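Following: one structure in structure tokens, then a few remarks.
The values are calculated or read from the model by the stated rules, or taken from the named source; none is laboratory data. This one's a predicted model, so the numbers in the text were calculated from it and none came from an experiment. Cβ coordinates were reconstructed from backbone atoms using ideal geometry, including for glycine residues, and neighbour counts include every protein chain displayed.
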Amino acid sequence: MPLPPRCRILVFDLGDVLFSWSPVTSTSISPKLLKRILSSTVWREYECGRHSEDECYRLVGGKFSLDPAEVRRAIVDARASLVPDNVFIDFIRELQTEARGTLRIFAMSNISAPDYEVARGKPADWSIFERVFTSADAGMRKPDLCFYKFVLDEIKADPTSVVFVDDRFENVLAARSLGINGIVFDDVQRVRQALRYFVNEPEGRGQAFLKDRAGRLESETNLGQTVPENFAQLLILEATSDR
């Protein structure tokens, strides 16, 4: 199988990737209904800056037969629940350090201007980003291809040099259609492994594996069974000269 291109640009979604939140609020609006609201056409237009915050709540209230004030309270509660995944953000910082300044980090998010302002107030390491692209500023949103093309043009990058990480498959699929390397954020350990696969050189990945498994370099079958023998370990010692 051919090795992937060595990528030097990472683009991350914010919500449900670098930040987690809860749809459970203190209002009468259920988590299921709140998610429907956040997937509605009105909300998508709001994320692109086509409605003011007050107008959005009014239109959502009319569409779902809700009091606009109740919609506002639900959104305020959801904003309050927003928490950065500092462990994963630290991992990204670690990748930057390992790349010795050659790795560029960006964010690309479907988010309204008021919600982004709240997010920026959260205790997260925003300095890892060279730039954050929001749907509110761009006037377009994922998975519209124009948004991805806009970002590629702004960062002056070839699609094959970029890795895009998002929790929604349709957003990742759109990125892949343009030649961008896409990772669906479904399991954090798998995503970390995939990012290292794209970012690090094969030799570097091998060295990191050997060091991580130092003292535990027994052979394993394809079923995960350990084979208690010394031959493979002696081969590794001969090749690396590193006891």
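Can you tell me which residue is nearest to L95 (Cα to Cα) among those in region 1-54 that are in contact with a strand residue (DSSP E or B) (Cβ under 9 Å, 6 or more places away or on another chain) and of a type in the set (F, W, Y)?
F12
Name the single residue that is surrounded by the most Cβ atoms within 10 Å (Cβ to Cβ) among those in region 142-175 being over 16 Å from A107 (Cβ atoms) and in contact (Cβ under 8 Å) with a residue 40 or more places away in the chain.
Ranking the candidates gives S161 first.
Quick check: anything in region 193-204 at positive phi and either in a loop (DSSP other than H, G, I, E, B) or within 17 Å of the chain's Cα centre (by Cα) (or both)? First the steps, then the outcome.
Within region 193-204, the subset at positive phi is none.
Checking region 193-204: not a single residue is at positive phi and either in a loop (DSSP other than H, G, I, E, B) or within 17 Å of the chain's Cα centre (by Cα) (or both).
Please go through region 85-123 and give me each residue that is more than 23 Å from A175 (Cβ to Cβ) and touching a strand residue (DSSP E or B) at 6+ places or on another chain (Cβ under 6 Å), ordered by number.
Of everything in region 85-123, just one residue is more than 23 Å from A175 (Cβ to Cβ) and touching a strand residue (DSSP E or B) at 6+ places or on another chain (Cβ under 6 Å), namely K122.
Do we find a residue being crowded, with 16+ Cβ neighbours inside 10 Å, among the aromatic types (F, W, Y) and part of a helix (DSSP H, G or I) anywhere in region 117-139?
No: zero hits.
Within region 89-108, is there a residue that is under 19 Å from the mean Cα position of the chain (by Cα) and closer than 25 Å to D54 by Cα?
Within region 89-108, one or more residues are under 19 Å from the mean Cα position of the chain (by Cα) and closer than 25 Å to D54 by Cα.
Is it fair to say C7 is closer than 21 Å to I155 by Cβ and at pLDDT 95 or above?
No; evaluated as a whole, the condition is false for this residue.
Identify the single condition in (1) assigned to a helix (DSSP H, G or I); (2) touching a Leu at 6+ places or on another chain (Cβ under 8 Å); (3) not hydrophobic (A, V, I, L, M, F, W, C) that E154 does not satisfy, given that it satisfies every other one.
Of everything listed in (1) assigned to a helix (DSSP H, G or I); (2) touching a Leu at 6+ places or on another chain (Cβ under 8 Å); (3) not hydrophobic (A, V, I, L, M, F, W, C), E154 misses just condition (2).
Right, C56: more than 23 Å from the chain's Cα centre (by Cα), surrounded by 17 or more Cβ atoms within 10 Å (Cβ to Cβ), farther than 17 Å from F185 by Cβ and not assigned by TED's automatic domain parsing to the domain that holds T160 or not?
In short, yes.
Run down P114, P123, P84 and say which single residue is touching a residue at least 40 places away in the same chain (Cβ under 8 Å) and more than 20 Å from E55 (Cα to Cα).
Step by step, each of P114, P123, P84 is checked, and only P84 is touching a residue at least 40 places away in the same chain (Cβ under 8 Å) and more than 20 Å from E55 (Cα to Cα).
Kindly list the number of the only condition in (1) of a type in the set (S, T, Y); (2) touching a residue at least 60 places away in the same chain (Cβ under 8 Å); (3) surrounded by 14 or more Cβ atoms within 10 Å (Cβ to Cβ) that fails for S20.
Condition (3) is where S20 drops out.
Could you give every pair whose Cβ atoms fall below 8 Å, whose first residue belongs to region 208-237 and is assigned to a helix (DSSP H, G or I), and whose second residue is surrounded by 10 or more Cβ atoms within 10 Å (Cβ to Cβ) and modelled with pLDDT under 80, counting only separations of at least 6 or pairs across chains?
From residues that are assigned to a helix (DSSP H, G or I), the pairs are A208/N200.
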